[in-house]
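Reading through the C-alpha cells given below for one structure.
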Amino acid sequence: MMFSFLHWIGRATGASRCIRTLVAGVLFSGALPAWSGPPAFELLPVAVVDSHGIYLHQIISTPRPELAAIRLADAPAFGQLLSLSRPQVVALLQKAAPEQATNLNVTSGPAQVRVSRRSRPLTETELRELLTATLQGQVVKDRGELELRFSRPWVAIAVPDEPLELKILDLPASGVTPNFIARFELVSGPDRVGPWQLVLQGRLWKDVVVARSNLKRGQPLAEADVSTERRDVISLRDPLDPASLAEQGMELNENVTAGQPVLARSVRQRPVVLRGQLIDALMLDGSLQISLKVEVLADGLPGQTIRVRNPKTKREFHAKVQDEQTVLLN
C-alpha cells in the first residue's frame, strides 16, 4: 500500500526517484511534526495543604516550578475537607492566572480532588513545653523556674502541622499552685483548636537562703550560719534573695529554725537607734537650737520618724532619726 502511495505521489507530482525516496524516509521515520495542544496535567485524588491556601502545584501529579506561585483558593479550615471538581479547578485557574489557563489543560486523573489540611500529632511532651513556657512568661515570670506534670496521661491529638501558640483561657484566682486546673486552647494562624482543661501539678525551683543552724532575732545576717540551696518555692511567700547576703547592715527580724528557708520578712535593715536608748534630741527654731536627752520608744532607721519621750516630764514627741545618737524633734 505504501508503495502504491509513493507511486501515486510520483505520478501526480512528477517527482524523481530521489524525492520519492526522501518522502518514504520521512514517513517511515515518523519525523513529521505531531500536533501538540496545551500541556496537560492530572489531578491528584487527595491533597494536603497548609493555612496559606491551595496552590496549583499541590493538587496535580506532575508539578512544575512555574506553577508553584499560582494560588487557587483559601485552604479549608483545620479538620474539614474541600472537594474540587475538574471544572472548578479550571474556573479557579482562569480567575487566578488567566494567562496560564490557556496554556494548561486538565485531561486525566480523577474527576475531583479532596483537599485537607496538613496535620501532625501533639504529644504530651510538646504540650507540656507549650504550657510551661506560656505560664512562665505570663504568670510565674521571675519568681522561679516552673516545672509542670500532668495528673493524667495525655492522648496525642491531631493539630495543624504549623507553628502553634498556646493561649490560657482560665486559671484559678490563686494562679499556679502545687495542684491547679488550667483551661487553654491552641492557635495556628486562623485556626483555633480546643479548648481543653487539664489538672496540673506545679513546682517552682529557685535558689534561696536556708538556715544551717538555728538563727536568732537580732543576729547580723552577715554572721548568720546560712547557705544557698535550690528548692521548690511554689508554697513559699517571698523567700529571701541570695543577693541580699551581700547587703550591709542587715539583721534577722525573727528566729529561723535550722533547715528552713529564710524569708524576706525574716530580715530587716539594722536600726541605728534602739528602743530604751537615751539619745540627743534637737529642736530648731530659726537660729536657735535646743538640745535635750530623750528616751527612744521604738527602733528606728535614718530618716524614719519614731516616738521619743522626755524622761523627766514623761511627755512624748515624734522625731526623725538623724544618726546613732541624734534625732530631730518635729
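Here are the numbers for this structure:
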{"read-out": "The chain - mean residue ellipticity at 222 nm from DSSP helices (-39,500 (n - 2.57) per run, n ≥ 4, rounded to 500)", "value": "-4500 deg cm²/dmol"}
{"read-out": "Charged-residue dipole, Cβ positions (Lys, Arg, Asp, Glu), segment 158-287 about Cα centre, Debye nearest 20", "value": "520"}
{"read-out": "Fraction of beta bridges assigned by DSSP in segment 278-329 that are antiparallel (%, nearest 5)", "value": "85"}
{"read-out": "Neighbour-limited loop hits for trypsin sites (Lys or Arg not before Pro), segment 247-306 (at most 16 other Cβ within 10 Å; DSSP other than H, G, I, E, B)", "value": "Arg275"}
{"read-out": "Antiparallel content of DSSP bridges confined to the chain, in %, to 5", "value": "85"}
{"read-out": "30 Å Cα-Cα reach of Lys216 towards lysines, excluding residues that sit fewer than 8 places from it in its own chain", "value": "Lys206, Lys320"}
{"read-out": "Selected from Gly286, Gly303, Gly53 as most flexible by GNM, with the chain as the system and alpha-carbon contacts under 10 Å", "value": "Gly286"}
{"read-out": "Once exposed loop chymotrypsin sites (Phe, Trp or Tyr not before Pro) are cut out (DSSP; at most 15 other Cβ, 10 Å), longest piece of the chain", "value": "155-330"}
{"read-out": "0 to 90° range, to nearest 10: angle between helix 2-13 axis and the chain longest Cα axis", "value": "70"}
{"read-out": "Top of Thr257, Thr125, Thr305 by mean-square fluctuation, Gaussian network on the chain, Cα under 10 Å", "value": "Thr305"}
{"read-out": "Estimated translational D of the chain in µm²/s (Stokes, Kirkwood radius over Cα pairs; 37 °C; 0.692 mPa s)", "value": "112"}
{"read-out": "Helix 124-135 axis, angle to the chain major axis (alpha carbon atoms, nearest 10°)", "value": "50"}
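Readers should treat all values here as calculations from the given coordinates under stated rules, not as data from a laboratory. Here the structure is a predicted model, which means the values were calculated and not measured. Counting neighbours? That spans all protein chains shown, and the Cβs are built from the backbone with ideal geometry, glycine included.
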